[in-house]
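See structure below.
The values are calculated or read from the model by the stated rules, or taken from the named source; none is laboratory data. Note that the structure is predicted; figures quoted are calculated from it, not measured. All Cβ positions, glycine included, derive from the backbone under ideal geometry; neighbour counts span all protein chains shown. Side chains are part of the model used for accessible areas, which takes the heavy atoms of the whole protein and leaves out ligands, DNA and RNA. Shrake-Rupley method; radii C 1.70, N 1.55, O 1.52, S 1.80 Å.
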Amino acid sequence: MHNHEDLYNQASQTVNYLTGDVLARIGITGPILAWYNADFLPAHTRFKAAFEQWQNPAERTPTKTVALTDAENDFVKVYRQLYTGYMKSNPLVTDEDLVGAGMPTRHTGGNTPAHKPDTLIVATTDTSKPAAVGLHYRDRQSTGTAKPRGVHGAEIVWDVLDTPPADWSELRHSTFSTRTPAQLVFSGTQRGKTLYFSMRWENTRGEKGPWNEIESVMIP
């Protein structure tokens, strides 16, 4: 991982993907499931909480930085164990599962690596439905909706804020979309508030392209 935010977003994608049905389908049951519930998920919860305490630069302290580093080191150990021990080597896990979980796909000597995304996304918003924002997106270098070569989908980070964020680290929520349009749904109390969001491409190996500039739209 390149930084705390990348790990936070990737781990969130992994946990969101590994629902009960998926875990059962790929054979994470019995003792492995017990390890996942007793070791992996608590370590992720601690890392997630430490990151969210640390991420606001205005409230960042040395104590929060140390807490994040400790929690991240502990989480990386179990995350690697999940990937190498239970996902990458598991014949029940497809490359589509690995991509869905935000993990790198397998490689053999004859494979041609997917091109790392290096282009930006153009997004337009659809506010025709109450308490929902649709994001229609395409590659900036294309007039159609086809994704760039080797790209699996788009990572979206977003938040509902009272003031514009200083940078992408202040957008605390993330999701992944493999098909345009992506749909973000909100509560009734959030109507009339401002949604800030940004997007970037991600290829089939989990490599990410550059973020767009942060955009905003009022939630209808």
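Name the shape class, rounded, prolate or oblate, that the alpha-carbon gyration tensor gives for region 116-180, where a ≥ b ≥ c are the square roots of its eigenvalues, rounded holds for a/c under 1.5, and otherwise prolate holds if a/b is larger than b/c and oblate otherwise. Cα axes put region 116-180 in the oblate bin.
Over all directions, how big on average is the projection of the convex hull of the alpha-carbon atoms in region 149-195, in square nanometres? Here the figure is 4.3 nm², rounded to one decimal.
Annotation note: GluC sites (Glu not before Pro) in region 157-219 located in DSSP loop regions with a Cβ neighbour count of at most 12 within 10 Å are GLU213. Over all directions, the projected convex hull of the C-alpha atoms in region 58-102 averages 4.1 nm² in area.
Here each label is just a point 7 Å from Cα along the line to Cβ, and for ARG191 and ARG106 those points are 5.0 nm apart.
The candidate values were [x] 18.2, 53; [y] 16.2, 45; [z] 16.8, 55; the one computed from these coordinates for Rg and Dmax of the Cα atoms in Å carries the label [x].
Of the accessible area of region 15-67, computed with a 1.4 Å probe over protein heavy atoms only, carbon and sulfur atoms account for 61 percent.
Enter the accessible area per residue of region 5-102 (Å², integer; probe 1.4 Å; all protein chains in place).
Details: 4820 Å² over 98 residues.
Per-residue accessible area for region 5-102 comes out at 49 Å².
Only alpha carbons enter this Debye calculation for region 178-220, each as an equal point scatterer, and the log10 of I(q)/I(0) it gives at q = 0.15, 0.25, 0.27 Å⁻¹ is -0.52, -0.97, -1.02. Kindly identify region 35-144 as rounded, prolate or oblate by the Cα gyration tensor criterion: order the square roots of the eigenvalues as a ≥ b ≥ c, call it rounded if a/c is under 1.5, otherwise compare a/b with b/c, prolate if a/b is larger, else oblate. In terms of gyration-tensor shape, oblate.
Could you give the accessible area per residue of region 123-220, probe 1.4 Å, as a whole number in Å²?
51
Here the gap between THR178 and ARG60, fully extended at 0.36 nm per residue and compared with their Cα-Cα distance, gives a gain of 39.0 nm. For LEU120, the solvent-accessible surface with a 1.4 Å probe is about 50 Å², rounded to the nearest 10. Whole angstrom only: what separates the Cα centroid of region 41-59 from the Cα centroid of region 1-37? Computed from Cα coordinates, the inter-centre distance equals 17 Å. Expressed as a whole percent, the accessible surface of region 150-199 that belongs to carbon and sulfur atoms is 47, based on a 1.4 Å probe.
Loop-only check: which trypsin sites (Lys or Arg not before Pro) in region 31-71 are DSSP coil with at most 13 other Cβ within 10 angstrom? Spell out each step's value before the answer.
Numbers: sites: ARG46, LYS48, ARG60, LYS64; in loops: ARG60.
Those satisfying the criteria are ARG60.
Stokes-Einstein diffusion of region 140-220 at 20 °C, 1.002 mPa s viscosity, Kirkwood radius from Cα pairs, rounded to a whole number: 156 µm²/s.
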